[in-house]
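To start, the structure under review is shown below, and the notes come after it.
A short reminder: the numbers here are calculations on the coordinates, not readings from a lab. Everything quoted here is computed from the prediction, not taken from an experiment. For neighbour counting, all protein chains shown are included, and Cβ atoms are generated from backbone atoms with ideal geometry for every residue, glycine included.
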Amino acid sequence: MKEISSDERLDRETQNLSVKETPGAAELEKISCEDSTEALAKARNVNRPETDRLVDYIELFSSLKKRTATFEDAMTRNPDLSYREGTQHLVNAKDTCIQQTADVRVEFETYMRELVDVPTVQEIKGGNTVTIARLDFNTLRQAIETLEPDDKETLLNRVAAAEKRVVPSTPAADEPATPASGGGRKRGR
């Protein structure tokens, strides 16, 4: 049996860890969570469609979560990054990411739950009151999946139930209803 050298053993044990997986101080210095103000303002803008706002929250939260995980993973694998002199700015940046992620999560989850509570609206069409979707249900499901709340299944079931109450949209005014058209298109599918 052949003895393997320390270098060979180290190479074998670390071959699955790429530099990208364990960023050092130089890579961490490029990561910041302080730039989320503009994206958060965009997500908060009540004059934009609700589906678009929800997509912005999903993207912002996912991005912050990823940046926070990068800091935490790097500092777990290399504790010197947390305790060595001159790295306090990295610890502060990590703490900012943790705080921003938590703050955005609270706001994002509050908005998502508001949409789950009232996922449809009543609209008058052709003299009749019909129930229509307030936003794209698939985006709402994606938001629930992204947040992964404890009551995820309950929320997904409520979205499915709301989707069943939505009246399929009728053909547009310039598209006359014909037997071949089937009477309209399904909304949000």
Worksheet, complete the sentence: Where a ≥ b ≥ c are root eigenvalues of the Cα gyration tensor, a/c under 1.5 meaning rounded, otherwise prolate if a/b exceeds b/c and oblate otherwise, segment 24-165 counts as prolate
Worksheet, complete the sentence: Scoring only Lys, Arg, Asp and Glu (+1, +1, -1, -1) among other residues with Cβ under 12 Å from the Cβ of Asp117 yields +2
Worksheet item: Once you charge only the Cβ atoms, +1 for Lys and Arg and -1 for Asp and Glu, what is the size of the charge dipole of segment 24-165 about its Cα centre, to the nearest 20 debye?
Response: 480
Fill in: Charge dipole of segment 24-165 about the Cα centre (unit charges at C-beta), most positive-ward option of Thr154, Thr139, Pro119
Pro119
